[in-house]
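This report concerns only the one structure given below.
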Amino acid sequence: MKWQGRKRSSNIEDRRGRRDTGRRTGGSRNMPRLRMPRGAGAKGGGIGIVGIVIILGIGLLFGVDPMALLSGNVPVNNAPQTTRSNAPVGNDDLAQFVGVVIQETEDLWSDVFEQNNLTYDKPTIILYSGRTSTGGCGTADSSAGPFYCPADQNVYIDLSFYDTLRRRFGAPGDFAQAYVLAHEVGHHVQQLTGVLPEFNAARSRLTQEEQNLWSVKVELQADCYAGIWAAYAGKENLLERGDIEEALNAANAIGDDTLQKQAQGYAVPKTFSHGTSEQRKRWFERGFSTSNVGQCDTFSVARL
Ligand SMILES: [Zn+2]
């Protein structure tokens, strides 16, 4: 990806090298009423009260229960640590890279929202190392991988995750990393369009299997949005040869079936929460080839 020298977002908070600060950013914001394509069964809208907070990761680290984050009980011993540094944001390549990718997501989604007469309320990206507090999603722990916290509308990422992606899951490349960020930003778009609040509100009356299926639809839509972003990056002349393949390779590597087979030798479809490798690649490609949010409606298709 040709990102060097590009404008960088200022909505990055660098907590790397800090101990758990206990600092809370964001906090609950008023829910705007949006008319972007949203989930099936989205009647009414304007769901204000979030009963259960959901945490939406990339789905890479099979075996970690994201809900365990709520209690802060996720073990930290398997978490790779980044080099501790007190450098300000933007003084290292990876942070600069994140800043550029996030800027491009802001440009894209601001445009898309504006076309729908809406305002894109930008999320904050929290870079941390090891553990850090969130504003409503418990303690962020790098062992769970990057995630979006709907309660404070922040994306949390320990950049050592990219080493895990490359080494453990065989998904190297800067565009694989960009895909992960664009996917998490996709969850923020879903928060603004009402998809996540609706899921949150419904969870308590769903069985685990129903929740899993709903989760897969949410995740594949975020992959589709990441594909739309990849197409936008192409329009901005940021793509290099092999970039899209890097993203597709990453999507393939973190499919539920692939992860489960690696971990336990077999896959149990009813437990899938993010979609199969084939589905994740296909929905990314769908966003990439159409650049149309209306094509990312995973809630109304006959076959996911
Ligand atoms: Zn996700």
Of SER215, LEU181, VAL195, farthest towards positive along the dipole that unit charges on Lys, Arg, Asp, Glu beta carbons give the stretch 128-218: SER215
In range of the label at ARG6: residues from the stretch 208-244 whose backbone nitrogen is under 16 Å from the point 7 Å along Cα→Cβ: 226-244
The stretch 151-211 shape via C-alpha gyration tensor axes, a/c threshold 1.5: prolate
Shape category assigned to the stretch 169-261 from the gyration tensor of Cα positions, a/c cut at 1.5: oblate
Sorted peptide list for 205-214, 287-296, 248-257, criterion being average Cβ within 10 angstrom, highest first: 248-257, 287-296, 205-214
Mean separation of Cα contacts under 8 Å (6+ apart) over length of the stretch 126-255, as relative contact order %: 26 percent
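Using Cα pairs under 8 angstrom and six or more residues apart, how large is the relative contact order of the stretch 184-304, in percent?
34 percent
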Debye, to nearest 20: dipole size of the stretch 155-294, +1 on Lys, Arg Cβ, -1 on Asp, Glu Cβ: 280 debye
Entries in LYS2/LYS217; LYS122/LYS281; LYS7/LYS235 that, when Cα-Cα distance is taken, lie over 22 Å: LYS2/LYS217; LYS122/LYS281
Cleavage-rule hits (trypsin sites (Lys or Arg not before Pro)) in the stretch 94-177: DSSP loop, at most 15 neighbouring Cβ within 10 angstrom: ARG168
Cα gyration tensor shape for the stretch 218-304, rounded if a/c is under 1.5, else prolate or oblate: oblate
Positive-end residue, the stretch 92-149 charge dipole about Cα centroid, Cβ charges, pick of GLY138, THR105, THR124: GLY138
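No value in this document is a laboratory result; all are computed from the given coordinates. None of the values given here were measured: they were computed from a predicted structure. With ideal geometry, Cβ positions are generated from the backbone for all residues, glycine too; neighbour counts draw on all protein chains shown.
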